[in-house]
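Report on the following structure.
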Amino acid sequence: MRIMYSLSTVPPFHRSMSTPCPRFGFVVTLAPEEPRIVEDFQRVLSGHGLEATRAGTLAFIVTREGSQATNNDRDIVRAWSNRWSNAASITVGDLVDLDQEA
């Protein structure tokens, strides 16, 4: 027996999504932006499945590869920033929906 559905009778789990999923991330600012600090920052992010996109001269947008960044990810970056507190001013921003911030 073959069952045919019209669009109005397709169960909800078979319908297309009506809105995109949020893209959570956070902004990290580094000052001064020294190569050794940026390289260490990238190494820590990479080791935790995170990635950074440049967002201006001293800022990076941090996201998670194929998923959403979380407050735990912010904690990882904050812990990393504490190791550099004598060499740089590093600010870890709030977790936000980056698509809403644009």
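Kindly provide the set of residues from the range 24-60 that are closer than 18 Å to ASP75 by Cα, charged (D, E, K, R) and touching a residue at least 40 places away in the same chain (Cβ under 8 Å), ordered by number.
Listed by number, the list holds a single entry, ASP40.
Taking into account only those residues within the range 68-102 that are surrounded by 13 or more Cβ atoms within 10 Å (Cβ to Cβ) and more than 25 Å from PRO35 (Cβ to Cβ), which is modelled with the lowest pLDDT?
LEU98
Take the residues in the range 54-67 that are crowded, with 18+ Cβ neighbours inside 10 Å and among the β-branched types (Val, Ile, Thr), then tell me which one is farthest from GLU39 (Cα to Cα).
That would be THR63.
Check off (1) among the small types (Gly, Ala, Ser); (2) in contact with a strand residue (DSSP E or B) (Cβ under 8 Å, 6 or more places away or on another chain); (3) surrounded by fewer than 17 Cβ atoms within 10 Å (Cβ to Cβ); (4) at pLDDT 95 or above for SER46 and give me the number that stays unchecked.
(2)
The values are calculated or read from the model by the stated rules, or taken from the named source; none is laboratory data. What you see is a predicted model; the values in this text were computed from it and never measured. Backbone-built Cβ (ideal geometry, glycine too); neighbour counts: all protein chains shown.
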